[in-house]
Amino acid sequence: MSEKGIEVIRTTTWSAGPGCHGGCGVLAHVKDGRLVKIEGDPDHPWNQGRLCPRCLAMTQYLYHPDRLRHPIKRVGKRGEGKWQRISWDEAFGLIEKKMKGIREIYGAESMIFLQGTGRAAGGSRCWLMLTGVRTGSSDSAGLPAILPD
């Protein structure tokens, strides 16, 4: 489907932000690689063309000028609003260092890795659970704990 240089892609999506339990059918209107409109797919059996306000605001979530698109770290005191852009490698390194410190001081059981309901079939859930396993936390949805080197 296309109109005026806009490609309409039939797919499913979860709404941006926390709390979505859907996977609703949508028609995503894309022009030059950019989502310009989203609407419910009337042929989808779950939502039958209806969408919540959060999903209808998807373009606002995606393209809001204040949306974080890369890691940053605070370089001033808390509350000063001073931030510095960092690489993904540096961000993951900082997270790893902090998590290892917590484990060393308080034990692996001091961390728990959870995800909400509904959308737990892969994606971030897998990442969260494997992070828990890798840190040695036994609180990782029943997965066995493995202490890292």
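Read the figures in this text as sums done on the coordinates, not as results from a lab. Please read these numbers as outputs of a predicted model, since none were measured by experiment. Using ideal geometry, Cβ is built from the backbone for each residue, glycine included, and neighbour counts are taken over all protein chains shown.
Residues of the range 77-111 that are surrounded by 11 or more Cβ atoms within 10 Å (Cβ to Cβ), outside any loop (DSSP other than H, G, I, E, B) and hydrophobic (A, V, I, L, M, F, W, C): Trp83, Ala91, Phe92, Leu94, Ile95, Met99, Ile102, Ala108.
Given the condition of a type in the set (Lys, Arg), surrounded by 14 or more Cβ atoms within 10 Å (Cβ to Cβ) and within 28 Å of Thr11 (Cβ to Cβ), answer yes or no: does some residue in the range 34-49 qualify? Yes: one or more hits.
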